[in-house]
Amino acid sequence: MYRPADVETEVLERWLAAKAFHARPDDPGEAYSIVIPPPNVTAALHLGHALNNTLQDVLTRYHRMLGRNALWMPGTDHAGIATQTVVDRRLQQEGQPSLKDYKQREARGEGGREAFVQKVQAWKDEYEAEISSQLKRMGCSCDYDRQRFTMDPVCAAAVREAFFRLFKDGLIYRGKRLVNWDPVTQTALADDEVEMREVDGSFWYMKYPIVERQGVPGSGIRDRPNPEPGSRTPASDGWRATGEHVTVATTRPETMLGDTAVAVNPDDPQRKHLIGQFVRLPIVNRVVPIVGDGYVTLPDADSSDAKASYASGFLKVTPAHDPNDYEIGFRHEKSIVAATGHVLINVMAPDASISVEHGWPEQDHQQADAFLRDELVGKSREDARKLIVGWFKREGLLEETRPYRHSVGHSYRSHVAIEPYLSDQWYVAVKKQIGRLSDEGALADTDVPANSLAGLALRAMAPDQMAGAERGDGVTIPGRDRGALAAEDPDKPLKPLGVGEKVWEGHLRFYPDRYARTFQHWHEGIRDWCISRQLWWGHRIPVWRRVDAALVNATGMAPGERDPDGPMVVEDSEWTQRGCVHLEDTIGDEEVETIVCVPPGPREQETVADLEAEGFTQDPDVLDTWFSSALWPLSTMGWPRPDDFPEFIPEGDKVLEKWNPTNVLCTAREIITLWVSRMVMFNLYFSDPDLDPRSDGQRLPFYDVFIHAMIQDGHGQKMSKSLGNGVDPVDIIHSHGSDAMRFTLAHMTTQTQDVRLPVDLICPHTGEIFEPRYITAKGGAGGARVMAPTQQCPKDPDKQMVTFYGVSSGHVQATDDMPLARNTSSKFDIGRNFANKLWNAVRFALTRLGEAQEGGQAGTAGQAGAADYQLADRWILSRLARTVRLANESLSEYEFNRYAQGLYDFVWRDLCDWYIEAVKPELGERATARAVLATCVDASLRLLHPAMPFITEKLWSHLNAVVPRRGLPELDLPASEMLARAAWPRIKREWIDERSERGFELIQQVVGAARQVRTEHTVPPRQVVDISAKAPPAIAQQLLEHKALVAVLANVTPREVGPRVDRPGDAAAAVTGDIELYLHGLVDPELERQRLARRADELATQVSRLKSRLGNDSYVSKAPAHLVEQTREQLAAAEREIEAVQEQLAALA
RNA sequence: GGGCGAUUAGCUCAGUUGGCCAGAGCGCCUGCUUUACACGCAGGAGGUCACAGGUUCGAGCCCUGUAUCGCCCACCA
């Protein structure tokens, strides 16, 4: 039995010692490269990564064997918020000082930030090492000498350079905007980081009293002497209640503190007359205008539209706490400011508690009821909601409460509801025209300028994959037309686009192509990218700022090159002379902020020191993780100045020149927008020679994007770290072996289907495999089915263990009594069984080939010639040729399951079940058979190597030892000491030999029929049976010629064969096609009768089906002639056979 | 609300321009410790291709609709 553990370690060491995966730019061969989607250092890899990396390794090894200079660039991602959160949670669990404590230390000036970052760094070091080790155990042929990390010095230099260039080109700006604020991690999130969740909430209907200026009676509204409670007003402010109300409907009553308007639809006949009037906000006593805005839904109680049926016609407008209200607020800025002085009133602290100190003007909140200060300030938004609703109720201002289910954005990290929150953030302007490039206008059907970042991404797309761009006749598809190439020479692997071609427009292609649409739509509706994060773990923004009082219009402000409301460029300052970008921006009316962006380089440290000496401080934010990931295909190769890092990139510019663009990006569909899009934009932008004189051509980050399936657990849930349902690939390697895991993963990778993978546990005490107990998770991963943290062994209930979920969720820890149970899954049996089969088959072949060698009959290569080929030889070589073709075709199209299935069928079904069985007895005597066998083994190992590198490499060394010289006259199989660097088989197309295939299929048919009869008559396998056959002359001739084959495969002794053979009286008969087989000495008339009758039935249905088809005139006239002819032949054959069966039946009676 | 995908044997999945009696692996049944392999060999049972219409000589495949599941996108009070 094959024991993977014995082999894998040794083989891995040999590869690493030989630096078999190290790519050098000067080595021969066309470039081929892949950059790994850098796994997050939050945790170890799970099977989803194993799938992702297996596919990349299959591609890398395949292309390496094709003779290409293949680089697979490995590395990891710092994953800012994710890692920071994970480390903080772990610190809390362990009772150590956590982020909160470090923040206090930082506030006291005790270096908390640095200390915390060190904690995260330690975590990163641990998991980075583990990830590397996992990759190696999976056999990934990465260039481990080039391993990068998104925050290492090489990548950091790229990030600072990229930021600087974008900043200089005016594509980065800072603005006060509503962001998706996570109050727990206290950072802004990108839109993509927000998960929508259905939540059971309520609609509250709250009454706001209408007020009018004292002494100016409202039209048609009578004064009332005694205003209702709740509409009491400070007598001093000159407004008084009219006694009327408007009723706003809201799901978020707590934000009413920040309302600065109420809106009605100007087309609302019943309410539009109120536009221009005012209401007084209860509690805060702010008087706000009623404005008309078309955004407001007209109420309609009977409408099927939920919104209309819930609407009251009045919308409270809270610009600082709702994105829509923000828009409305600024549409009516003038009237709002006239009434309240401010459009934006922020009523919350960063932790989403009610606060008057984060943008709530003092003169405004001072007029509020004491209730605000006494009860609300400092309360969480949830508590504030209850208190405010309670207040409205007590005051008789709560008209109604209705339950309402709606979707609310949640943080994908902390899982709490997102607060739309006003703050200063940095943005990349993705739709802004790129400076210094000519204006090419907007792309068709969009408002995306062709020379914006988003425009570049859209222009990169293959035109035939663009929706709306019809592919007409005569339209050439850029890149490769795979169909045409395959037709030209199907045996030749398709050539990937080379680096030298320097093409990009129209050359980005998605597999499967439907994902192109996701990409396209994202860019057509793209919004500016918020790149700042209020975290500590990440790349600091390389901007230094200083606020100076009363400096407005002081000196040196150059005419604004940009947005007149934005900052001004300072042309000739101390800082610009040092290469920095220097801006000045006014804050309010009295202060000016000086902003300096520092470029990376040798003088960077000095400049920063001088800036800080002059009172500048660095922006505290870090960059969105995806900013550094977006540079990955560039930064890993040393962009922009590899010469600065000779210890990491000794070859300098050559690496980038050789391998960027990469050939393909393999990833899952969830990050098409987050990552794929941004790499395309950045790689194109930063390689543009118009903007970068060092670049010799604008380049894509990759030509192909292959989107593969996702792995789900046994309950159909995505396998993910946050769910804790991930399975460590090393567990599977323990139970099944690395090759088995890889083969199985490749085998289940189809174009559409996500893979469901039920998981079992292995009891660490008894080794028993069992199905674990599941529970429904609470909290973060709420509602998900997860393994119970502890399990007991079904064999021995006293034996307990803990699960991966239990440990990773912090519920339990592994101990000696309760160790961690490894996972396994029977899904991987197919790979394990196949590896075992291959192992045994090759071992057998080598034994027999070795014996022949010792007997002095070396006779492998060179001696065999076409004249010596037997039917079985020609057949297996034909099958081999087809298999090579299939492998080339399927791997070129990223159809991994076809590749894996094709090899499985060839090795197991064709080679083992038929060819080896056929030539077994003659291997000693027939050199040609030995040569063919050695060739098939050789080629199979090469073909399987990309999927199963360990076992094939091990067997390869045995093959080299036993049969050092192999091959056939028609086929050159270049020798190689190491399979990982061996050549891919190039099989001649002429080997596909349909005649021999049909000939061998006839043998298979006869053997199958004979075996069936043997089994039915329960003939012991070892017993040889005499057989004779009646068949038409041509077929009889073939059978006679190959009777030795039939004899061996069916374990029979052929007797008479011919057109007029009689059935011996004691023989069982079988009819197959035009052949009648007689197996002598197996008299059992009853069995016989049953089988023949069954066959007769089958044939009868077949005949009637064929007859009715031919009886259909329209079939005969409309179907293609060859099909009709084929049907006729089938009918004739079936009728002949049925006649033969009837004859045999009659003979029995 | 928009888009995409899925629904085929008990389970997990193939099925490449519509043309076979719809396939594989696991599981199940029968027989084999046949000197490569029991993680195996030989044979076998098992399917209304989610449902309803339509196009066609012919539909698992194309069209329309329905149901169920999943994913992505969307600012919904």
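Is the shape of segment A:1070-1149 best called rounded, prolate or oblate, per the rule: a/c under 1.5 gives rounded, else a/b larger than b/c gives prolate, else oblate, with a ≥ b ≥ c the square roots of the Cα gyration tensor eigenvalues? Because a/c hits 1.5 or more and a/b exceeds b/c, segment A:1070-1149 counts as prolate.
Using the Cβ-Cβ distance between A:A961 and A:Q1023 with R0 set to 60 Å, the FRET efficiency works out to roughly 0.95.
Cα centroid separation, segment A:868-909 to segment A:57-86: 29 Å. Extension gain, A:R909 to A:Q717: 0.36 nm times the residue separation minus the Cα-Cα distance gives 65.6 nm. Only Lys, Arg, Asp and Glu carry charge here, each on its Cβ (+1 for the first two, -1 for the last two); on that basis segment A:266-337 has a dipole of about 420 debye about its Cα centre. The distance separating the Cα centre of segment A:332-395 from that of segment A:441-468 comes to 45 Å. Treating the angle as unsigned and between 0 and 90°, give the value, to the nearest 10°, between the Cα long axis of helix A:80-93 and the longest Cα principal axis of chain A. Helix A:80-93 sits at roughly 80 degrees to that axis.
Among A:C666, A:C530, A:C912, the order by Cβ neighbours within 10 angstrom, fewest to most, reads A:C912, A:C530, A:C666.
Across all Cα pairs in chain A, the calculated P(r) in 20 Å bins from zero up to the longest distance comes to 10, 30, 31, 18, 9, 2, 0 percent per bin.
Note on segment A:606-711: dipole from Cβ charges, positive end direction compared against A:C666, A:T636, A:L684; the farthest Cα belongs to A:C666. A dipole drawn for chain A from +1 and -1 charges on Cβ atoms has a positive end, and of A:S1108, A:S353, A:H410 the residue lying farthest that way is A:S1108. Computed over segment A:79-178, the Cα gyration tensor eigenvalues convert (square root of 5λ each) into semi-axes of 28, 26, 12 Å, ordered from largest to smallest. FRET efficiency for the A:V1124 to A:E922 pair, using the beta carbon distance and R₀ = 51 Å, is estimated at 0.70.
The charge dipole of chain A, taken about its Cα centre with unit charges on the Cβ of Lys, Arg, Asp and Glu (plus for the first two, minus for the last two), comes to roughly 2520 debye.
Between the helical axis of A:47-65 and the longest alpha-carbon principal axis of chain A there is an angle of about 60 degrees. Segment A:H415..A:H22, full-extension length gain: 137.3 nm, with 0.36 nm per residue of separation and the alpha-carbon distance subtracted. At full extension, A:H521 and A:I769 could sit 84.6 nm farther apart than now, given 0.36 nm per residue minus the alpha carbon distance.
In chain A, taking the dipole from charged Cβ atoms about the Cα centre, the farthest positive-side position among A:F804, A:H1122, A:L611 is held by A:H1122. Over segment A:337-425, the Kirkwood radius and the radius of gyration, each from Cα atoms, give a ratio Rg/Rh of 0.99. Working note: 222 nm ellipticity from helices only, DSSP H runs with n ≥ 4, each -39,500 (n - 2.57), summed and divided by the residues of chain A, gives -11500 deg cm²/dmol to the nearest 500. This model, with +1 at the C-beta of Lys and Arg and -1 at the C-beta of Asp and Glu, gives segment A:931-988 a dipole about its Cα centre of some 40 debye.
Assuming a ≥ b ≥ c are the square roots of the Cα gyration tensor eigenvalues, decide whether segment A:722-832 counts as rounded (a/c under 1.5), prolate (otherwise, with a/b larger than b/c) or oblate. Note, shape of segment A:722-832 comes out oblate. Spatially, segment A:723-767 and segment A:163-207 are offset by 37 Å when compared through their Cα centroids. Of all beta bridges that DSSP places with both ends in chain A, some 75 percent have antiparallel geometry. Can you give me the angle between helix A:1121-1148 and the longest principal axis of chain A, using Cα atoms only, in degrees from 0 to 90, rounded to the nearest 10? Orientation of helix A:1121-1148: about 50 degrees from the principal axis. Here segment A:647-790 carries DSSP beta bridges of which approximately 40% are antiparallel, counting only pairs with both residues inside.
Read the figures in this text as sums done on the coordinates, not as results from a lab. Only a predicted model underlies this, so the values are computations on that prediction, with no experimental measurement involved. Cβ atoms come from the backbone with ideal geometry, glycine included; neighbour counts cover every protein chain shown.
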